[in-house]
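Here it is: the structure, laid out below.
What follows draws every value from the coordinates through simple rules; no lab data is involved. Only a predicted model underlies this, so the values are computations on that prediction, with no experimental measurement involved. Here the Cβ is made from the backbone with ideal geometry for all residues, glycine too, and neighbour counts use every protein chain on show.
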Amino acid sequence: MAITLGQRSLSRLDGVHPDLVRVVKRAAALATAEEDFTVLEGVRTPERQRELYAQGRTKPGKIVTWTLKSNHFRNARTGFGHAVDLAPFPIDWNDHGRFDRLAKLIFRAAAAEGVAIRWGADWDRDGKPRERGETDSPHFELA
């Protein structure tokens with residue numbers, strides 16, 4: 001039991017809120033080999049956010065809200081990013097089942113750490129992923 005986060009994943013946690021870093025590291029400690037995951041992104045700059053927008057990662061007409069209110073940005077109050085993007089490894093963007101299993105692992109780790117989080121595939125936190133078209137399966141943030 002347990003996976004080892006690689007140096008790239010660990011470096012992507014630089015600047016992320018310590019509570020969320022604890023959750024990610026606890027998830028790695030709880031994970032089995034079948035639950036291997038990678039950290040895609042932590043703190044993000046406005047320029048990076050615009051790049052993602054240009055790639056079609058969000059719907060037209062929402063750039064101002066989406067770009068200016070990202071929890072990946074360093075929070076003015078805490079100085080930390082309050083979001084991470086994670087993916088099961090190896091990555092298969094079409095395998096929602098693996099993202100769902102990763103979310104269960106992350107929520108289990110968050111509960112163990114006493115940290116409230118929200119998942120991008122279940123924004124209203126009702127346990128029904130993608131029910132209203134939520135598509136941000138890699139995204140986890142402090143609630």
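At most 12 other C-beta atoms within 10 Å and a DSSP loop state: those are the exposed trypsin sites (Lys or Arg not before Pro) I care about. Give me the longest piece of the chain that has none.
Result, exposed sites excluded: 1-56.
In deg cm²/dmol and to the nearest 500, what is the mean residue ellipticity at 222 nm of the chain if only DSSP H runs of at least 4 residues count, each as -39500 (n - 2.57), divided by the residue total?
-10500 deg cm²/dmol
Mind giving me the FRET efficiency for Arg101 and Ala143? R0 is 30 Å, r the Cβ-Cβ distance, nearest 0.05 is fine.
0.90
Subtract the Cα-Cα distance of Glu134 and Trp93 from 0.36 nm times their separation in residues, and report this length gain in nm to one decimal.
Gain on stretching Glu134 to Trp93: 13.3 nm.
With a point put 7 Å past each Cα toward its Cβ, work out how far Asp126 is from Ala111 in nm, to one decimal.
A separation of 2.1 nm, rounded to one decimal place.
Percentage of Cα-Cα pair distances in the chain greater than 26 Å, rounded to whole percent?
Cα-Cα pairs of the chain separated by over 26 Å account for 19 percent.
I've got another one for you. List the chymotrypsin sites (Phe, Trp or Tyr not before Pro) in region 79-122 that DSSP assigns to loop (not H, G, I, E or B) and whose Cβ has at most 14 other Cβ atoms within 10 Å. Which are they?
Trp93
Just how large is the dipole of the chain about the Cα centre, in debye to the nearest 20, putting +1 at every Lys and Arg Cβ and -1 at every Asp and Glu Cβ?
That gives a dipole near 420 debye.
Between Glu47 and Asp14, what length comes free when the chain is fully extended (0.36 nm per residue of separation minus the Cα-Cα distance, one decimal in nm)?
That works out to 10.1 nm of additional length.
What does the C-alpha gyration tensor say about the overall shape of region 87-135? Classify as rounded when a/c is under 1.5, otherwise prolate if a/b is larger than b/c, or oblate.
It is oblate, given that a/c is not under 1.5 and a/b is not larger than b/c.
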